[in-house]
Amino acid sequence: MVEHEKTSWFDWISIAISRVAMFIVAFIVLIMFYEVVMRYVFQSPTLWVNEMSLWAAGVVYLLAGLYVMQQRGHIRIFILYDMVPRWTQRLFDLLSTVFIVLFAAAIVYGGGKEAWDKLMRWETFGTAWDPPIPATMKPLILITVVLIAIQAVMNLIADWSKEKEVHDLVEDVTHEYVD
């Protein structure tokens, strides 16, 4: 796996969180296998595997956003980005970071009270197994959005003094399959 270089202390945090998410994927596979065996071999399906796998997959989905931000894998219109001088690229980077931080602030401001309320009353899913999915996922959304905003700022700082980048689509695509 080719990863972007770690240029800040926060990159190490993002990578560590990403590694935990990788193990969560393995956990999902394991419990789904358990469900299949219990359901089709022993005719004794579980109440908890489906919801646990959805819960865990939601966590992985959120944490994947942090990893993508650390890897600079977010959407960028390279055809325009590559045509402009470096000072304009820096302006694009600055604007996108400002928008990410503003978005994160709006999400935290708009969802903070609800997330806090769900956590404090330990709101559950309302099913037979009744896990506390809302009580954990709502705050995790806010935490992850803040982490993504911090990572965006750290990327901006780390990339500010770099030389102009020009992306070659053919090289990017073949690089993944050659290594």
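The values are calculated or read from the model by the stated rules, or taken from the named source; none is laboratory data. Here the structure is a predicted model, which is why all the values come from computation and not from measurement. Positions of Cβ are generated from backbone atoms using ideal geometry, with glycine treated the same way; all protein chains shown enter the neighbour counts. Surface accessibility is based on the protein's heavy atoms, side chains included, excluding ligands, DNA and RNA. Shrake-Rupley method; radii C 1.70, N 1.55, O 1.52, S 1.80 Å.
Conditions (1) within 30 Å of Q151 (Cα to Cα); (2) in contact (Cβ under 8 Å) with a residue 12 or more places away in the chain; (3) open to solvent by 50 Å² or more (accessible area, probe 1.4 Å), marked per residue:
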{"position": "I15", "(1), (2), (3)": "yes, yes, no"}
{"position": "V29", "(1), (2), (3)": "yes, no, yes"}
{"position": "Y34", "(1), (2), (3)": "no, yes, yes"}
{"position": "M52", "(1), (2), (3)": "yes, yes, no"}
{"position": "G65", "(1), (2), (3)": "yes, yes, no"}
> Consider S44 against the criteria (1) under 17 Å from the mean Cα position of the chain (by Cα); (2) open to solvent by 50 Å² or more (accessible area, probe 1.4 Å); (3) hydroxyl-bearing (S, T, Y): it satisfies all of them except one. Which criterion is unmet?
Replying inline: (1)
> If you go through the stretch 76-118, how many residues are among the aliphatic types (A, V, I, L, M) and within 13 Å of V153 (Cα to Cα)?
Replying inline: 7
> If you scan the stretch 123-159, which residues turn out to be touching a Lys or Arg at 6+ places or on another chain (Cβ under 6 Å) and either open to solvent by 60 Å² or more (accessible area, probe 1.4 Å) or free of Cβ contacts under 8 Å to residues at least 12 places away in the same chain (or both)?
Replying inline: K138
> If we only count helices (runs of 4 or more DSSP H) wholly inside the stretch 78-179, which ones have 1 or more residues that are in contact with a helix residue (DSSP H, G or I) (Cβ under 7 Å, 6 or more places away or on another chain) and modelled with pLDDT under 95?
Replying inline: 78-81, 86-120, 133-159
